[in-house]
Amino acid sequence: MIGRIYRLMDTKRIEMKQREIKCTGDSVLVKPNYMAICAADQRYYLGKRKKEVMREKLPMALIHEATGTVIHDYSGRLENGKKVVLVPLEAAEGNGKANYRAGSKFASSGYDGFMRDMFALPHNRVIPVENDSVVYVFSEILSVALNAISTFEATRQTDSDVFGVWGDGSMGFVMSLALRCKYPDAKIYVFGKTARKSRKFSFATKNIYIDNVPPNLTISHAFECVGNAGSEVAIRQILKLISPQGTICLLGVNEDAVLINTRKILEKGLVIVGNNRSDEADFHEAVKLIRENELCKKYLRILISETVEVKTEDDIYYAFDQDVLNDFKTVIKWSL
Amino acid sequence: MIYAGILAAGLGVRMHRQDMPKQFLLLGEKPIIIHTLEQFTVNPNIEKILIIVPEEWKLYAEDMLSQYDFMGKEYAVISGGVNKTESIDISVCYIDETWQIQDGDMLIAHDAIRPFITQRLIDEHIATVKKHGAANTAIVTNDAILVSKNGASLDEVPSHEHLYAEQTPQSYSLAKLKELLGTGVPLHKESEFPRLWLKAGYEMRLVQGEYFNMKIINPYDLEVAEALLKERNA
């Protein structure tokens, strides 16, 4: 079957290509419904990755956060028209979590993402949901937060639930929300720098500005969702405020190396854990959380800054250009 | 009921290097007609599919189509007429005799040799026929169109701003089609059905086509189509 794929060829240049969709007995043919633009997509679109990375990875279709509709399930398990969450991780065989295995592939990171009119995925990469609620498009980012929480639980050294989340962007929002859902009685302090953005974190215990931290405030564990140039400053502040034997979970992506005061880590006996993406089990947990936790669903809805309907190739550029201006998530209603 | 009519009754005389109609030639790993059919098969709004083929290739088409997965959709292979207009007439008669045409039924007629049709085109045709009764696919021409009555000298250069190239699908309300065909219009003399439609006083709306919704009619087109599909697979 001939399908169309919209690939980023170069900075701000997307071209439609025709290509044959290959289906097997385990394939589910889907068409995308909603997509959410991630900061990682935007870094490719704007050419903010290093030149050699751009050369190596492009051309490539962007987008790894998406929901879809089943056109046909070749195994006969899902009915036509069923709404599904799309899983971007193609897991390689091996030990440990699939998102860290060397051979695993991830959509829109070296491999084509979901920006296509239709495509086939193996059965284990679609998760059925009961309706086409737009918030399921945030299953991927929520699964990343849940992956961080499960790693944190496996490594934490103290029982205290006073959490600090650094970052007032979309990842910080979802990380804080996931913590609120999993630890309803915890103290959650969100460290940000923009009042306009921090106001959205109404479920947090308190929003704190990074340049105006109350004296004597301490946290037991930290989740860093800043990334880029700000991550070094955030980590420095975390090392200052975190209690001994705390855990620091890093989620922010940085193109460059950052300086970390290792003396502080040694003195306080801290654990630092890196987090990258999520696996199939995290996705199922995210979908379950959205399905069963009404508050989670309601708060995720306000994560949307703007919804752009994409009917033409020009609308794709509009969506990405608008996303730069938006504080939180730009959702694409995919009608191509 | 929404019927797709895949027009595959041409004998492909222009594809001189091959000894079978062009719609059965391979594009990539599949016959051209299969690529086209797949787009209609996966569209959830299309309920039944008619495949109109040359009489002498009907058995071959039935054999070939029996090997493909129509995803549970009902289909029929019928013999076409001498031109597209007659093939549409035959399709309407077949539908009425087999399933009985009801109000609201429509026929989305599409050239088998346009395998790059999109879901957007199919969906817009359906929406347009529901609202206006008929739809044709048009695309702005990049080249100026010239008129020459003898093929040697120029007679006219029509204004570019009103000229569009016609593609398919062409889609019609089946009740109106039946009404028009019941008036005994001379089908064999007219190869362009939309002309008959307009002459009869019916409205026909335009749906924006795609430049890549190309017709594979000669070896050059097939090479272009193959090149389009040679992109690295995802």
The rounded separation in angstrom of the Cα centers of the stretch A:47-111 and the stretch B:124-144 is 35
Judged on accessible area alone, 1.4 Å probe, highest first, B:Y75, A:Y183 line up as B:Y75, A:Y183
Could you please state how large a percent of the accessible area of the stretch A:143-274 is carbon and sulfur, counting protein chains only and using a 1.4 Å probe?
51
Can you give the three extents of the C-alpha atoms in the stretch B:2-229 along their principal axes, from longest to shortest, in whole Å?
52, 41, 32
Using a 1.4 Å probe on the protein heavy atoms only, what accessible surface does B:H188 show? Give it in Å² to the nearest 10.
120
Treating the beta-carbon of each Lys and Arg as +1 and of each Asp and Glu as -1, no other charges, what is the dipole magnitude of the stretch A:143-274 about its Cα centre, to the nearest 20 debye?
380
Over chain B, what percent of the accessible surface lies on carbon and sulfur atoms, probe 1.4 Å?
51
If the only charges are +1 at each Lys and Arg Cβ and -1 at each Asp and Glu Cβ, what is the size of the charge dipole of chain B around the Cα centre, to the nearest 20 debye?
220
What dipole magnitude, in Debye to the nearest 20, does the stretch B:1-133 give about its Cα centre under +1 on Lys/Arg Cβ and -1 on Asp/Glu Cβ?
540
Taking max minus min of the Cα coordinates of chain A on each principal axis, largest first, gives extents in Å of 63, 40, 39
Environment charge of A:M54, counting only residues whose C-beta is closer than 10 Å and scoring Lys/Arg +1, Asp/Glu -1:
+4
So what's the projected area for the protein assembly as shown, the Cα convex hull averaged over all directions, in nm²?
30.9
Farthest toward the dipole's positive end in the protein assembly as shown, which of A:L78, B:H188, A:G269, given Cβ charges of +1 (Lys, Arg) and -1 (Asp, Glu) about the Cα centre?
A:G269
Loop-located trypsin sites (Lys or Arg not before Pro) in the stretch B:1-77 whose Cβ has at most 16 other Cβ within 10 Å (DSSP):
B:R14, B:R17, B:K73
Which whole-number value in Å² is the accessible area per residue of chain B, probe 1.4 Å?
48
Residue by residue through A:19-25, how many Cβ atoms from other chains fall within 10 Å of the Cβ on average?
4
If one takes the accessible area of chain B alone plus chain A alone and subtracts that of the pair, with a 1.4 Å probe, what total in Å², rounded to the nearest 100, results?
1900
Run through the DSSP bridge list for the stretch B:2-229 and note the antiparallel percent, rounded to the nearest 5.
40
Of every hundred units of 1.4 Å-probe accessible area on the stretch A:1-137, the number belonging to carbon and sulfur atoms, as a percent, is 47
Give me a single rounded figure for A:1-8: the average over its residues of other chain Cβ atoms within 10 Å of their Cβ.
5
Run the numbers on the stretch B:190-234: which residues show a drop of 20 Å² or more in accessible area, chain on its own versus all protein chains together, using a 1.4 Å probe over heavy atoms?
B:F212, B:L228, B:L229, B:E231, B:R232, B:N233, B:A234
Please give the Cα centre distance for the stretch A:1-30 versus the stretch A:239-298, rounded to the nearest Å.
34
Shielding score for B:32-45, defined as the mean number of other chain Cβ atoms within 10 Å
3
Longer than 27 Å from Cα to Cα, which of A:K57/A:K200; B:K84/B:K178; A:K333/B:K230 are they? Say none if no pair is.
A:K57/A:K200; A:K333/B:K230
Report the net charge of residues surrounding A:D161, where surrounding means a beta-carbon distance below 15 angstrom and charges are Lys +1, Arg +1, Asp -1, Glu -1.
+2
Per residue, how much accessible area does chain A have with a 1.4 Å probe, in Å²?
42
Gap in Å between the Cα centre of the stretch B:30-79 and the Cα centre of the stretch A:139-215?
55
Are there trypsin sites (Lys or Arg not before Pro) in the stretch A:64-143 that DSSP marks as loop and that have at most 14 other Cβ atoms within 10 Å, and which are they?
A:R77
In the neighborhood of A:V70, defined by Cβ-to-Cβ distances under 13 Å, what is the net charge if each Lys or Arg adds +1 and each Asp or Glu adds -1?
+2
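The values are calculated or read from the model by the stated rules, or taken from the named source; none is laboratory data. This structure is a prediction, so every number in the text was calculated from the model and none was measured. Positions of Cβ are backbone-derived with ideal geometry, glycine not excepted, and every protein chain shown enters the neighbour counts. Ligands, DNA and RNA are excluded from the accessible area calculation, which covers all protein heavy atoms including side chains. Shrake-Rupley method; radii C 1.70, N 1.55, O 1.52, S 1.80 Å.
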